[in-house]
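What follows is a single structure, written as structure tokens, with notes after it.
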Amino acid sequence: MKIIRMAVSVLFLLPGLALAQIESSSLGTVSGAVVDKTGAAVGGAQVRLSFDIGLPQQTALSDSKGQFSFTKIAPGAFHLTVTAKGFAEVTSAGTLRAGETVTLPTTVLEVARVTTDVQVSGRQTELAEEQIKVEEKQRLLGFIPNYRVSYIHNAVPLVAKQKFEIAWKTTFDPISFGITGIIAGVQQWQKDYNGYGQGAEGYAKRYGAAYADFFIGNMISGAILPSVLRQDPRYFVKGNGSTGSRALYAIANSVICKGDNGHWQPRYSEIIGNLAASGISNLYYPAKDRNGASATFQNAAIGLGFGAAGNLFQEFVSRKITPKKK
């Protein structure tokens, strides 16, 4: 019986002795980070580390910066499983050498395909809001707002509230008021819209008309119609490929856009918006400067031309003169 008890004791002690032998020689460290598709850190993600040699698995939670770390890890093959609420599970594998410190490639989580549209929609809205926060820091030369441009080609679609948010912040940005003042000053200097007269009163009328043009066009084409027609009002910078392909892409985007379903479609919101804005301007411009039906369509076509030019600027220039915000 003593022999049997000793044998049993040895069997229970062997794993501990083996682990002690490993600990006394060559334990290592495995660390990494977890982010979503936008590059934003995912805190609270559960990270499980399992082994091929029969050791018990270990778990850790990513911190607010998305980082995690396992210390005193036995050398050998291991498997990593990362899970987080609202995201699909991600697995990876690796091998830790004796005494080695391994920093794994960043784990990128994809939005999970769940059974309820509410969960998916909620997570997408959160991701879109995070992307908007980045877009709202984009200023050409550091001061001119450039919010309706995304450098993430597959950015999450916006809900109606977010489309209005971008349009509203662009419309009421202090720089927008300043640029409108310059436009009104140039118009007065060139004696455009003589029906407004000259002097302070004439300048005030020109300023009001110029700002009305900007406000109406921005809200109709950038918020109201994109919400009703379920279209994305942003320009998505291609950023790669040949110069010719990027130029064609930019020009084409003056008449096509992404729908909220992710598919390309005619840019009805911009086309109809230009026509509507041109027609509404007849309410406040001097009688002799108002547009007839033909002039309204002509101005709308000119607006599309300026849109194509603006897209070319966004594709090739804007990123170079937009300081990066941390």
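Points worth noting:
- Antiparallel DSSP beta bridges within the range 117-321, percent to nearest 5: 75 percent
- Against the main long axis of the alpha-carbon atoms of the chain, helix 117-135 sits at an angle near 70°.
- Under the Debye formula (equal points on every Cα, no solvent term), log10 I(q)/I(0) of the range 27-109 at q = 0.19, 0.20 Å⁻¹: -0.75, -0.83
- 0 to 90° range, to nearest 10: angle between helix 160-171 axis and the chain longest Cα axis: 60 degrees
- Annotation: amide H-H contacts under 5 Å for Phe87 (H modelled 1.01 Å from N, sequence separation of 5 or more, or interchain): Ala112.
- For the range 135-190 and the range 285-326, distance of Cα centres in Å: 13 Å
- Dipole orientation for the chain: of the candidates Ser281, Tyr203, Ile220, Tyr203 has the Cα lying most toward the positive pole (charges on Cβ; Lys, Arg +1; Asp, Glu -1).
- If R0 is 30 Å, the Cβ-Cβ spacing of Gln190 and Ile144 corresponds to a FRET efficiency of close to 0.85.
- For the range 203-326, the number of Lys pairs separated by eight or more positions or lying on different chains, with C-alpha atoms closer than 27 Å, is 9.
- Computed lengthening from Thr125 to Asp63, 0.36 nm per intervening residue step minus Cα-Cα distance: 20.1 nm
- As a rough guide to protection, the peptides 221-231, 176-186, 154-164 ranked by mean Cβ packing within 10 Å, highest first, stand as 221-231, 154-164, 176-186.
- Contact order for the chain, expressed relative to its length and based on alpha carbon pairs under 8 Å spaced 6+ residues apart, stands at 13 percent.
- The ranking of Arg97, Arg148, Arg234 by Cβ neighbour count inside 10 Å, starting from the fewest, reads Arg97, Arg148, Arg234.
- Among Ala128, Phe306, Phe143 - extreme Cα towards positive end, dipole of the chain, charges at beta-carbon: Phe143
- Between 0 and 90°, nearest 10: helix 174-189 axis offset from the chain longest Cα axis: 20 degrees
- Charged-residue dipole, Cβ positions (Lys, Arg, Asp, Glu), the chain about Cα centre, Debye nearest 20: 280 debye
- Taking other residues whose beta carbon is less than 12 angstrom from the beta carbon of Leu248, and scoring Lys, Arg as +1 and Asp, Glu as -1, yields +1.
- Shape box of the range 206-265 [Cα atoms, principal axes, largest first, Å]: 43, 28, 15
- Counted by neighbouring Cβ atoms within 10 Å, the residues Tyr147, Tyr268 run from fewest to most as Tyr268, Tyr147.
- Extending 7 Å from Cα along the Cβ direction at Ile321 and again at His263 yields two label points whose distance is 3.8 nm.
- q = 0.10, 0.15, 0.18 Å⁻¹: log10 I(q)/I(0) that the Debye formula gives for the range 117-321, counting C-alpha atoms only: -0.47, -1.01, -1.35
- Ordered by the count of other Cβ atoms within 10 Å of each Cβ, fewest first, Ser64, Ser269 give Ser64, Ser269.
A short reminder: the numbers here are calculations on the coordinates, not readings from a lab. Quick caveat: nothing in here was measured; it's all calculated off a predicted structure. Glycine gets a Cβ as well: all are built from the backbone with ideal geometry, and neighbour counts include every protein chain shown.
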